[in-house]
Amino acid sequence: MNCTQCHNYLMRHFDRNLDNKEWDLLNRHLHSCKSCFGLFSHLEEILGALETACPPELPSGLEELTLQRIKSLSAFRPNSQSGYSKLAYGSILTVVLSLALVVGLSLNNAGFSGLILQGRHLAYLFSGVVIDLQIVYRFGSTFFQTALLSIYHQIEMAYVAVILAAVFLALKTVFAKLGNDGETDPV
Amino acid sequence: MEPSDYGLIQSCLAGNQEAFAGILNRYKKPVYSVIYNLMGNSTEVNDLFQEVFIRIYKSLDSYNPEFKFVTWAAKIATNLCLDRLRQKKPALVPVEEIEISDSEANPEDQFLARERTMLIRRAVDQLPEKYRMPVVLFHQQGVSYEEIAGILNQPLSIIKNRLYRARLMLRERLCSDGEEAISL
């Protein structure tokens, strides 16, 4: 074994990754090489001191203080709502983008009067939805007949429902956030 | 029978306040040890200890039970310590704060052992961060190579090289300070 191989074996020895046969080879070299023996002795002392140093003791009261600080965090509830937050903020974004699209298209195509027309169109949609539901209820239409009732209306109903849900979720998030901003972390 | 780490975490996420106290009690010593050995300053250690467990508490839902909880906690502690170290240089540990494990030695031997340990601690503190971290985690915390690689987000080969290099640097530094200082 030469000194370069010995250094490699030394490192593996301190990794606790040397088998008996390899240790014998290393030991034989250490007995014959003063330089490598010196390196081995120093490393053994240094690393041994690090490994056997007493673990530090926690100051008294630190554990209780930490727990108290955690309990004082708002609601003492771990963050298990990250998925919900993403949905809420996604809803806000959906509403904003939809409004921007409607406003942008209206202004682009027909100016403010176009915007007013869009508002009327939305009101018509709502009334159309109500009328459709009344027809279904009054005449006891079957599912097939209901499906035939203006495909266009059904698609718009779904669109309105999604927007309404997004608006509701967005408002709920905003009000909840405004409520939480009032609480301060006492630490 | 003691509940598992994952059981405690699930209980905590379900709203059981006592469950996190159980986690804190179970891992306070290894976490404190990591921070203490990396930072070497008692005031910062206490603050960081609290910050680590607050961060652990806030991130419980992201814990992956495939890995040991202590490794995950050590990773959070190491990252926080790294952030703090990059802001300021840590102070050296005063001699009085270094515990010597051999309580049966005579006072002179105790003094010499304390001096030696202080020199070694100082040499470790003076290592660049990327070399100090593997030394502290491997030789003082008993963390495996694979776990260190996960904690520091580095390939295994890099960790090995750095640890080998760190050992040689410690030896060079301590030998240049006076060979007799570290010998019995």
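The values are calculated or read from the model by the stated rules, or taken from the named source; none is laboratory data. These figures come from a predicted structure and were not determined experimentally. A quick note on method: Cβ atoms are made from the backbone with ideal geometry, for glycine too, and the neighbour counts reach across all protein chains shown.
Does B:E66 satisfy the criteria of being among the charged types (D, E, K, R), surrounded by 15 or more Cβ atoms within 10 Å (Cβ to Cβ) and more than 13 Å from the chain's Cα centre (by Cα)?
The answer is no for B:E66.
Of the residues B:K68, B:K58, B:K28, which is of a type in the set (K, R) and more than 10 Å from chain A (Cβ to nearest Cβ)?
So the residue among B:K68, B:K58, B:K28 that is of a type in the set (K, R) and more than 10 Å from chain A (Cβ to nearest Cβ) is B:K68.
Tally the residues that are outside any helix (DSSP H, G or I) and either at the interface with chain B (Cβ under 10 Å from one of its Cβ atoms) or closer than 29 Å to B:K28 by Cα (or both), restricting the search to region A:12-61.
So the answer is 12.
Take B:I151 and decide whether it is away from chain A (no Cβ under 14 Å), more than 15 Å from A:I46 (Cα to Cα) and either modelled with pLDDT of 85 or more or part of a helix (DSSP H, G or I) (or both).
yes
So, in region B:1-55, exactly how many residues are of a type in the set (S, T, Y) and under 30 Å from B:L119 (Cα atoms)?
Going through region B:1-55 one residue at a time, the tally reaches 6.
For region B:1-19, what are the residues that are free of Cβ contacts under 8 Å to residues at least 40 places away in the same chain and within 16 Å of B:A73 (Cβ to Cβ)?
Matches in region B:1-19: B:S4, B:L8, B:A19.
Residue under question is B:T71, and the condition is that it be in a helix (DSSP H, G or I), among the β-branched types (V, I, T) and either in contact with a Gly (Cβ under 9 Å, 6 or more places away or on another chain) or at pLDDT below 85 (or both); does it hold?
So B:T71 passes the test.
Considering only residues that are within 10 Å of another protein chain (Cβ to nearest Cβ) and in a helix (DSSP H, G or I), look in region B:1-17 and name the one that is modelled with the lowest pLDDT.
B:Q17
In this structure, does B:I35 turn out to be more than 14 Å from A:L62 (Cβ to Cβ), surrounded by 19 or more Cβ atoms within 10 Å (Cβ to Cβ) and of a type in the set (V, I, T)?
Spelling it out, it is not the case that B:I35 is more than 14 Å from A:L62 (Cβ to Cβ), surrounded by 19 or more Cβ atoms within 10 Å (Cβ to Cβ) and of a type in the set (V, I, T).
Identify the residue in region B:117-129 that is touching a Leu at 6+ places or on another chain (Cβ under 8 Å) and in a helix (DSSP H, G or I) and, among all such residues, is farthest from B:N37 (Cα to Cα).
That would be B:L119.
Do we find that B:A166 is more than 13 Å from chain A (Cβ to nearest Cβ), aliphatic (A, V, I, L, M) and in a helix (DSSP H, G or I) in this structure?
Spelling it out, it is not the case that B:A166 is more than 13 Å from chain A (Cβ to nearest Cβ), aliphatic (A, V, I, L, M) and in a helix (DSSP H, G or I).
Quick one: which residue in B:N46, B:N79 is modelled with pLDDT of 90 or more and surrounded by fewer than 16 Cβ atoms within 10 Å (Cβ to Cβ)?
After ruling out the rest, the residue left standing is B:N79.
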